[in-house]
Amino acid sequence: MNILCDKMIMAVLSGGNATETVRDLTTRGFYTTMLSSTGGFLKKKSVTLLIGVERAQVDTVLEILGVAVKTPVKVETGGTVAFVMDVLSCVKF
């Protein structure tokens, strides 16, 4: 079964923002896969979200991710980094 998903957003969030962000995304109808991750210079806990969306929904998801950042990034750690990638095919079994 093909489903409508032509973009994949991979967002890396600081650990403290993940629960609220996933709640906000789910409330707006976006479903995520959440992966625990560690990275960056200080090896801080982070969460990687995988979010499959239609092209027209990308800006909405990025807006939600931007609102979830609690404090501005003053150094090279913290905040959210989002990658938007093309999806050639999405099949749900």
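The values are calculated or read from the model by the stated rules, or taken from the named source; none is laboratory data. Because the structure is predicted, anything quoted here is derived from the model rather than measured. Here Cβ is always computed from backbone atoms with ideal geometry, including for glycine, and neighbour counts include all displayed protein chains. Ligands, DNA and RNA are stripped out before the accessible areas are found, and what is left, the full protein with its side chains, is counted by its heavy atoms. Shrake-Rupley method; radii C 1.70, N 1.55, O 1.52, S 1.80 Å.
Using a probe of 1.4 Å on the protein chains alone, the accessible area found for Glu54 is around 70 Å². In this structure Lys7 has an accessible area near 30 Å², from a 1.4 Å probe over the protein heavy atoms.
Excluding Val58 itself, what net charge comes from residues whose Cβ is under 12 Å from its Cβ, given Lys and Arg +1 and Asp and Glu -1?
Numbers: positive: Lys7, Arg55; negative: Asp6, Glu54, Asp59, Glu63, Asp86.
Spelling it out: positives minus negatives among the neighbours equals -3.
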